[in-house]
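Student: Pasting a structure below so you can have a look.
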Amino acid sequence: MEIHKEKNKTKSNSRFSNIKLFVLCQSLLQFSQLLHSTYLKSCITTLEKRFGLSSQSSGTITSLNEVGNSLLIVFVSYFGRRVHRPRLIGLGGLLMSISAMMLALPHFLSQPYTYNSVLLEKKELCIPRTNFSETSTCGQQDYQQLTDTNIMWKIMTIAQLLFGIGSVPIQPFGISYVDDFAGPRNAPLYIAVLFAVSVFGPAFGFLLGSVMLKIYVNIDKPEPSSLLELKLSDQRWVGAWWLGLLVSSGCLALTSLPYFAFPREMQASKAEVDIFTEDSEKPNMTLLEFLKMFPRLFVKLLVSPFFLLLVLAQCSFSSVIAALSTFLNKFLECQYHAPASYTSLLIGTMNLPAVAIGMLLGGVIMKYSNMSLKAIPRFSLAMILISTLLCVPIFFMGCATQRIASVNWNITDHFGEERSFNMCNLNCSCPSTAFNPVCGTNDIEYISPCHAGCTNFTMDPLNLKIQVYTNCSCVRDGDILGSTYPGACSNSCSHYLLPFIILISVAGLIASLSHNPVYMMVLRTVPNDEKSFAIGIQFLIMRLLAWLPAPALFGLAIDSTCLRWKWICGNKQGCTYYDNDLLRNRYLGLQVAYKVMGILLLALVGWKVKRTGEYRLEVPFKELL
C-alpha cells in the first residue's frame, strides 16, 4: 500500500518536473509583477488628487519597494542552491499579492471621495458674507481628509516594503533554476522566452490603468446626484485606482500557487550533474563567513574600473527610465490636458512596446553581429547620443500655462495698472479649499465659480448638468457682468500629444538597443566565480542610486514648478496648477542631464578599453559564450 502511494506521489510530482512548465509559470509571475508595478505608476496623478499628495511624496511611495528589495538582494547569492528555490519564489509571489491587496485598503478605510461642486455646496457660488474668518476655519471634513492621508501613508509604506521583500527571490532564483536544469543549449532560449513574455507586463499595466481610470472611484458607493456633473476630462475626476490593484493581486496569487508543486531539483544532463557534484564537494560557506567576506568582495568589484563605470552608466539610464515610468502620465496630463485613462492607453500601446522591441533587437544584434566587447561601448554611445538628440525637439512641443485669475494673471484696468482678481470677489468669502475650475467668456480660467464672482447658474434640462455660471463680477464686458463655463479653458497645443509620444517612443527604442550589450559586457568583465555576486551588487547599486532616489528627485523637480498649492488646515494638499514651461524644461532637462552623464561614462569606458588587454575585449562576443 505504501509503495503504491509512493508511486502516485512520484507520478504527481513528475508532472511538474518539466522545465518548460516552470519557464511558463516564471514568465507569467514576472508578467504579473511588472503589471502591478506599472499599474501603480499609471495611477500616480489619481492618488495625488485623491489623497492630496505632492509629486515628491507619490514618487517616494512608488519607489519604497526598492528599500525592502535592496536590504535582502545580496543574500540571494549566498543562499543559491541551499534552499528550495521554487517554494521561495511561490512565497515571494504570495507576499507580493498580499502587498497589492493592502495598497487598495485606503479606499475602504477612508471616507468616500468628495469634490467641490455647487450642486453639493452652495458656498461654491459667490454669496456675500460678513464672517470672513470662515475661509480659514477647519471643518470636520478637512480633518478627516488629513486623517485619510496619514492612514494611506502608513498602509502604502508597509505594503511597498513587503512588496520589495517578496520580489527578492523572483528573478535571481527563477533564472538560476532555469539555467541549472534547462541544459546549456536550451537555457539561453528559455531565458529569452521568459523575458519576452514578461516584458509585456508594463504595457498591460498601463492598459489596465486606462480601463480602470475610466471608472469612477466610488463605484462601490454609488452617488448618482454627484456623478451627473463629472466627466473624464474634468480635473476633479478620480478613477477607480483601487480596482486594478485587486486585479493585480489576484494575478500574483494565481501565478504563485504552482511553484509549491515544483521539485527542489529536476533531472539534469550529465554535464550538469557533474557540476552539481563538484559544487557539493566544495565546503559550504556559513552565513557568518559570507558576511565577513562580503566587504572584501564588494570593494574588489568597486575598484574594478570597467564594472564600476558600466554600472554607473546603467544607473544614469535607469534614472531616466524611472522618471518616464513614474511621471510621464502626469507630464502628459499637465502639458496637454489629456485624461489619465487616455495617457495610460498611449503609453501602454506605443511607448512601452517600442522600448520592449528595442531591448529584443539589442539582443538579436548581439547574437548575430561580430561585435566585440571592445566595440560595445562605441555602439551603445552612438545609440544613446542619437536618442538624446531626438529629445531636443520635444522641448518645443508644448504650450504656455493658461491664464488663471489670481494665480498667474491679474486684471489690467484702463490706466494700465494691474489689480488682483481678489478685489472683484472680495465680498464672496470664497473657501480657501475650493477647486472647481471654470472658464470665462474672456478666456481666463478661474479656480471656482466663487472666485469668478458668479452668483447663479443654469442647467441643461436634458442631462441635468450645469450649462453656464452667470452674473460673474470678475468677468466683465464693460459694465455688463459676464459668465463662465464648467471646466478648464481649452488647451492650445493638444495637437502635439501624438507627435510627442511618437518621438519619445522612437527615442526610447533607439536607446534600449544598448541595454542588452551593456548588460552582457558587465557579465563578461568579472571573473566567472564572482558572476552571481556581481549581478547582486549590480542590482543593489542600481536600486540605491537610480530606482530608489530618482522618482523622488524628479517629483521634487515637478513640485518646484507648482503655481498654486491646495492647503487644508495649514497642510499642503497637492498642487492644482503648474507652470507648463518650467515643468517641461525641468522634467525633460533633468532626463537629458542623466543621459549626458551616462554618455560621458560610456565614453570613458570606450577610452579605457583601448588601453587594456584584459578580458579579451577584441574577440567577438559570440566566441566568448
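Student: Return yes when residue 77 is of a type in the set (Gly, Ala, Ser), surrounded by fewer than 23 Cβ atoms within 10 Å (Cβ to Cβ), assigned to a helix (DSSP H, G or I) and at pLDDT below 90 and no when it is not. Outline the logic, then answer.
Tutor: Values: of a type in the set (Gly, Ala, Ser): yes; surrounded by fewer than 23 Cβ atoms within 10 Å (Cβ to Cβ): yes; assigned to a helix (DSSP H, G or I): yes; at pLDDT below 90: yes.
It is true that residue 77 is of a type in the set (Gly, Ala, Ser), surrounded by fewer than 23 Cβ atoms within 10 Å (Cβ to Cβ), assigned to a helix (DSSP H, G or I) and at pLDDT below 90.
Student: Let me spell it out: the conditions are (1) within 30 Å of residue 331 (Cβ to Cβ); (2) touching a Cys at 6+ places or on another chain (Cβ under 9 Å), and residue 518 meets all of them except one. Which number is the exception?
Tutor: That leaves (2) as the condition not met.
Student: Looking only at region 319-347, which residues are part of a helix (DSSP H, G or I), over 12 Å from the mean Cα position of the chain (by Cα) and touching a residue at least 24 places away in the same chain (Cβ under 8 Å)? First the steps, then the outcome.
Tutor: In the first step, residues of region 319-347 are kept if they are part of a helix (DSSP H, G or I); the result is 319-336, 340-347.
Pick out the ones that are also over 12 Å from the mean Cα position of the chain (by Cα) and you get 331-336, 340-343, 345-346.
Answer for region 319-347, where residues must be part of a helix (DSSP H, G or I), over 12 Å from the mean Cα position of the chain (by Cα) and touching a residue at least 24 places away in the same chain (Cβ under 8 Å): 331, 332, 333, 334, 335, 336, 340, 341, 342, 345, 346.
Student: What's the total number of residues in region 403-432 that are modelled with pLDDT of 80 or more, more than 41 Å from the chain's Cα centre (by Cα) and charged (D, E, K, R)?
Tutor: Total meeting the criteria: 0.
Student: Scanning region 438-464 for residues that are in contact with a Lys or Arg (Cβ under 8 Å, 6 or more places away or on another chain) and not in a loop (DSSP other than H, G, I, E, B), which turns out surrounded by the most Cβ atoms within 10 Å (Cβ to Cβ)?
Tutor: Selected residue: 445.
Student: Can you work out which of the residues in region 465-481 that are aliphatic (A, V, I, L, M) and open to solvent by less than 70 Å² (accessible area, probe 1.4 Å) is nearest to residue 441 (Cα to Cα)? Even if it seems obvious, please write down each step before you answer.
Tutor: Residues of region 465-481 aliphatic (A, V, I, L, M): 466, 468, 475, 480-481.
Narrowing the set further to residues that are open to solvent by less than 70 Å² (accessible area, probe 1.4 Å) leaves 466, 468, 475.
On the way: 466: 16, 468: 10, 475: 7 Å.
Only one residue fits best here, namely 475.
Student: Every residue in region 17-52 that is under 21 Å from residue 558 (Cα atoms) and among the aliphatic types (A, V, I, L, M), please.
Tutor: 40, 44, 47
Student: Please enumerate the residues belonging to region 293-314 that are modelled with pLDDT of 85 or more and open to solvent by 10 Å² or more (accessible area, probe 1.4 Å).
Tutor: Passing the criteria: 308, 309, 312, 314.
Student: Same structure again: In a helix (DSSP H, G or I), out of contact with any Phe, Trp or Tyr (no Cβ under 7 Å at 6 or more places or on another chain), surrounded by 20 or more Cβ atoms within 10 Å (Cβ to Cβ) and at pLDDT below 90, is that true of residue 10?
Tutor: Numbers: in a helix (DSSP H, G or I): yes; out of contact with any Phe, Trp or Tyr (no Cβ under 7 Å at 6 or more places or on another chain): yes; surrounded by 20 or more Cβ atoms within 10 Å (Cβ to Cβ): no; at pLDDT below 90: yes.
Judged against the criteria, residue 10 is not a match.
Student: Go through 223, 281, 272 for me and flag whichever is crowded, with 16+ Cβ neighbours inside 10 Å, over 21 Å from the mean Cα position of the chain (by Cα), among the charged types (D, E, K, R) and modelled with pLDDT under 80. Reasoning before the result, please.
Tutor: Numbers: 223 fails: crowded, with 16+ Cβ neighbours inside 10 Å; 281 fails: crowded, with 16+ Cβ neighbours inside 10 Å.
Exactly one residue qualifies, and that residue is 272.
Student: Just to verify a result, which residue in region 173-209, among those that are at pLDDT below 75, under 29 Å from the mean Cα position of the chain (by Cα) and among the small types (Gly, Ala, Ser), is nearest to residue 263 (Cα to Cα)?
Tutor: Filtering first and then ranking leaves 192.
Student: Now, a different point. In region 342-381, what count of residues is obtained for those that are within 24 Å of residue 241 (Cβ to Cβ), buried (at least 21 other Cβ atoms within 10 Å of the Cβ) and among the polar types (S, T, N, Q)?
Tutor: Residues meeting the conditions: 3.
Student: Got a number for residues in region 443-464 being free of Cβ contacts under 8 Å to residues at least 12 places away in the same chain and not acidic (Asp, Glu)? First the steps, then the outcome.
Tutor: Filtering region 443-464 for residues free of Cβ contacts under 8 Å to residues at least 12 places away in the same chain gives 459-462.
Filter again for not acidic (Asp, Glu), leaving 459, 461-462.
Within region 443-464, residues that are free of Cβ contacts under 8 Å to residues at least 12 places away in the same chain and not acidic (Asp, Glu) number 3.
Student: Now, a different point. Take residue 587 and decide whether it is open to solvent by 30 Å² or more (accessible area, probe 1.4 Å) and either in a helix (DSSP H, G or I) or touching a residue at least 12 places away in the same chain (Cβ under 8 Å) (or both). Steps first, please.
Tutor: Values: open to solvent by 30 Å² or more (accessible area, probe 1.4 Å): no; either in a helix (DSSP H, G or I) or touching a residue at least 12 places away in the same chain (Cβ under 8 Å) (or both): yes.
Considered against the rule, which asks whether it is open to solvent by 30 Å² or more (accessible area, probe 1.4 Å) and either in a helix (DSSP H, G or I) or touching a residue at least 12 places away in the same chain (Cβ under 8 Å) (or both), residue 587 comes out as no.
Student: Quick one: residue 287 ticks every box in (1) more than 30 Å from residue 97 (Cβ to Cβ); (2) at pLDDT below 80 bar one, so which box is it?
Tutor: (1)
Student: Pull up region 465-494, narrow it to residues that are touching a helix residue (DSSP H, G or I) at 6+ places or on another chain (Cβ under 9 Å) and not in a strand (DSSP E or B), then point me to the one that is modelled with the lowest pLDDT. Steps first, answer last, please.
Tutor: Initially, region 465-494 is screened for residues touching a helix residue (DSSP H, G or I) at 6+ places or on another chain (Cβ under 9 Å), giving 473-474, 491, 493-494.
Cutting the leftovers down to not in a strand (DSSP E or B) gives us 491, 493-494.
On the way: 491: 79, 493: 84, 494: 83.
My answer is 491.
Student: I'd like the full set of residues that are open to solvent by 20 Å² or more (accessible area, probe 1.4 Å) and closer than 8 Å to residue 390 by Cβ, limited to region 500-514.
Tutor: Answer for region 500-514, where residues must be open to solvent by 20 Å² or more (accessible area, probe 1.4 Å) and closer than 8 Å to residue 390 by Cβ: 503, 506, 510.
The values are calculated or read from the model by the stated rules, or taken from the named source; none is laboratory data. Since we're looking at a predicted model, the values are computed, not measured. Don't worry about glycine lacking a Cβ; one is built from the backbone with ideal geometry, like all the others, and counts go over all protein chains shown. Protein only, heavy atoms only, side chains kept; ligands, DNA and RNA dropped before computing areas. Shrake-Rupley method; radii C 1.70, N 1.55, O 1.52, S 1.80 Å.
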